[in-house]
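Every number here is computed from the coordinates shown, using simple stated rules; none is lab data. On a predicted model such as this, the values are computed, not experimentally measured, just so you know. Cβ placement follows ideal geometry from the backbone for every residue including glycine, while neighbour counts extend to all protein chains displayed.
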Amino acid sequence: MERGPGKKPEWLKIRMASGASFASTRQLLNRHSLHTVCRSALCPNLQECWSRGTATFLLLGNVCTRTCSFCAVGKAANPPVPDPHEPENIALAVKSMRLKHAVLTSVTRDDLHDGGAEYWIETIRAIRALTPSVTIECLIPDFQANEHALDLVMREAPEVLNHNIETVPSLYKKVRPQASYKASLGLLKRAKQKHGLVTKSGLMVGMGETDDEVAISLNDLILHGCDMVTIGQYLQPSSRHLPVEHYITPEAFEQYKIFAEAAGFRHVQSGPFVRSSYHADALSIESEKTC
Ligand code: SF4
């Protein structure tokens with residue numbers, strides 16, 4: 001595999017085309033004062049997804065209590081109190097955007113007693129009340145492995161329960177210091193074994209991991225009952241964030257896909273621009289057919 005960051009390769013040149021509904025998506029999100037991980041995490045697919053009329057809603061504000069070195073989301077030990085109207089506003093936006101599949105994520109609020117689990121529940125219920133046919137994907141934080149908070153959210157039975165391991169265990173200290181690889185795998189196992197949910201996780205590559213480490217982590221996910229996985233290239237949001245160690249070629253992403261499918265994943269998305277909720281609607285429709 002090609003190594004060493006060097007110049008950004010051709011395949012990572014972002015297509016900045018914005019389609020017709022890009023502006024209407026942005027206006028709608030602003031009108032409902034909603035945060036998205038698309039904007040807060042500087043996602044490279046924002047133009048494409050908003051032009052498709054989809055977005056990933058960021059719950060509990062846009063300030064996180066964690067300090068993951070790859071993430072562009074704002075950070076503070078005591079973020080502002082969450083907006084009590086957020087659940088209802090998200091439900092209204094889901095309806096206005098005529099989404100078939102709504103993807104929810106959140107910052108990590110270690111400052112809240114239940115990590116914000118109550119807000120997650122309210123949001124899921126508000127969406128279901130307004131648009132019962134919409135499928136919901138919850139990309140949840142680890143709630144500090146608080147089993148009560150995890151069960152509260154998992155009992156709402158989202159169609160897809162997503163939680164990213166983000167990277168391989170040897171890089172946790174550097175990449176997501178407040179998280180635990182074991183706890184993240186345990187969370188996915190709990191969602192599958194205790195709640196029977198369709199589970200999904202995601203990895204970023206290009207942070208210094210080896211191919212063997214990626215293979216081991218993919219197998220770990222399978223051993224913890226994970227059904228779907230996304231694998232994408234890490235891109236440095238700013239010079240203050242973790243530097244890119246290497247750019248993975250499209251051919252190598254194809255190799256990861258082949259390996260992951262052989263390992264037993266029902267659905268794999270692997271490519272330079274792949275992110276946890278990239279084309280999540282397509283994946284969830286597929287998973288309904290097979291999971
Ligand atoms: S937990 Fe980490 S990845 Fe998630 S929003 Fe906070 S800083 Fe970013």
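Shown is the FRET efficiency for Lys75 and Ile121, computed with R0 = 35 Å from the Cβ-Cβ distance and rounded to the nearest 0.05: 0.90.
With a cut-off of 11 Å between beta carbons, the residues surrounding Val63 carry a summed charge of +2, where Lys and Arg count +1 and Asp and Glu -1. Compared with the direct C-alpha span, the chain from Asp151 to Ser133 gains 4.2 nm at full extension, assuming 0.36 nm per residue.
In order along segment 155-166, the phi-based Karplus estimate (6.51 cos²θ - 1.76 cosθ + 1.60, θ = phi - 60°) of 3J(HN,Hα) comes to 5, 6, 6, x, 5, 9, 9, 10, 8, 7, 7, 6 Hz; Gly and Pro are listed as x.
Relative to the Cα centre, the charge distribution of segment 7-152, modelled as +1 at Lys and Arg Cβ and -1 at Asp and Glu Cβ, gives a dipole magnitude of about 980 debye. Against the compact-protein benchmark of 2.2 N^0.38 Å, the Cα-based radius of gyration of segment 15-285 scales to 0.94. Each peptide in 29-40, 238-249 receives the mean, over its residues, of other Cβ atoms within 10 Å, and ordering these scores from highest gives 29-40, 238-249. With Rh defined as the Kirkwood radius, the inverse of the mean 1/r over Cα pairs, the Rg/Rh of segment 16-163 is 0.95. Less than 5 angstrom separates the built amide H of Val274 from those of Gln233, all sequence-distant by 5 or more or on a different chain. Across the chain, C-alpha contacts under 8 Å between residues 6 or more apart give a mean separation that, scaled by the residue count, equals a relative contact order of 18 percent.
Extension gain for the segment Ala282 to Gln193, taken as residue separation times 0.36 nm less the Cα-Cα distance, is 29.6 nm to one decimal.
For segment 72-88, the residues whose backbone nitrogen is under 16 Å from a point 7 Å from the Cα of His113, taken along Cα to Cβ, are 82. The local environment of Thr25, defined by Cβ-Cβ distances under 12 Å, has a net charge of +4 under the rule Lys, Arg +1 and Asp, Glu -1.
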